[in-house]
1. Between Tyr187 and Leu57, 0.36 nm times their residue separation minus their Cα-Cα distance comes to what?
2. Note down the Stokes-Einstein diffusion coefficient of the chain in µm²/s, whole number, using a Kirkwood radius over alpha carbon pairs, 37 °C, and 0.692 mPa s.
3. Considering only Gly208, Gly267, Gly132, give the residue with the highest GNM mean-square fluctuation for the chain, with springs between Cα atoms whenever their separation is below 10 Å.
4. With +1 on each Lys and Arg Cβ and -1 on each Asp and Glu Cβ, and nothing else charged, work out how big the dipole of the chain is about its Cα centre, in Debye to the nearest 20.
5. Which order do the peptides 90-96, 138-144, 46-52 come out in when sorted by mean C-beta neighbours inside 10 angstrom, highest first?
6. Past 32 Å, Cα to Cα, is the threshold; run Lys136/Lys195; Lys139/Lys262; Lys166/Lys282; Lys33/Lys139; Lys102/Lys195 against it and keep the listed order.
7. Which percent of the accessible heavy-atom area of the range 159-284 goes to carbon and sulfur, probe 1.4 angstrom?
8. How large is the charge dipole for the range 189-273, taken about the Cα centre, if only the Cβ atoms of Lys, Arg (+1) and Asp, Glu (-1) carry charge, to the nearest 20 debye?
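The values are calculated or read from the model by the stated rules, or taken from the named source; none is laboratory data. Please read all numbers here as calculations on a predicted model, not as lab measurements. Heads up, the Cβs are rebuilt from the backbone with ideal geometry, glycines too, and the neighbour counts pull from every protein chain shown. The accessibility values were calculated without ligands, DNA or RNA, using every heavy atom of the protein model including side chains. Shrake-Rupley method; radii C 1.70, N 1.55, O 1.52, S 1.80 Å.
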Amino acid sequence: MSNNEDIQSPQGSVVIIGAGTQGRRLAYMWSIKGRSVYLVDLSEKQLQESLRYVQQLRSATMDHIGMWGEIKATTPAQLESALNFAWLVIECVPESLSLKQKIVAQLDRAAPMSTIIASNSSSYGIAEIIQGMELKNSKRLLSAHCSIEIMGHKETDPTVVALLFKQCQEHGFTPFHVKQSSIGYIYNRIWAAIKRETLLALSEGICGYQEIDAIFKDVLKTPKGPCEQMDIVGLDVVLDIENHYADSRSGIPAEPREYLQKMIQNGQLGVKSGRGFYDYTKAT
């Protein structure tokens, strides 16, 4: 790729693999300008929940009435057909390196050569995901976490980064360019330190989760504290990310991961299981 003529026109559709929390949010954002979005998932229930979620967001937004693109719930069996006219495909599958590698390899084989392939991974950079792979076109691959933090690898074509950056801005994102390969990008490196110290403080028994959330919100004036945020993400996902940091860097304390492991073994996964730090089964 040497210029944008080699890249699929951004007037085409966007394909999103995974209809979880991130996937459905991205489907909403990428449909703002009237372009079709294919949302792909194995679970019909998850797809339908995602469509309802997007409709709720649209109903609360007056800015783009009449401009929304169609979001098409799609099964993996229909993936190749959905990719035919896609300028961008984003993987939003769970934070498992082997799963992401499998999906990215599949996308590289199936997507047209000009389709940009992005990973939404929060901790695995695209360089880690594609390491050792034989790819049709490595120049069109990059990381795009939430379409906010965009990070290439050593072979990513700069025009791909520039095009995605521009399109993200046009669709209401505020993108940032991560200029060097970095586990956790920019924000998640800072957020990881907050999560880790929160869990370490809890493991040491210096206070309870309510106190941590309360003081955090009082000082920083944020709507949610670290424990509330981890419940939303999913404590199993938080543990997967922490394990990746620990595998990649020295000096990461074990106590936060051990604390999470005990909660997970007790069925406390966060909002999705009805109970994490907080109990979500009680009527509000």
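1. That pair, Tyr187 and Leu57, stretches by 44.4 nm at full extension.
2. D = 165 µm²/s.
3. Taking springs between Cα atoms under 10 Å, the residue moving most is Gly132.
4. Once rounded to the nearest 20, the dipole reads 420 debye.
5. Per-residue Cβ counts within 10 Å, averaged per peptide and sorted highest first, yield 138-144, 90-96, 46-52.
6. Check vs 32 Å cut-off fails for Lys136/Lys195; Lys139/Lys262; Lys166/Lys282.
7. 54 percent
8. 240 debye
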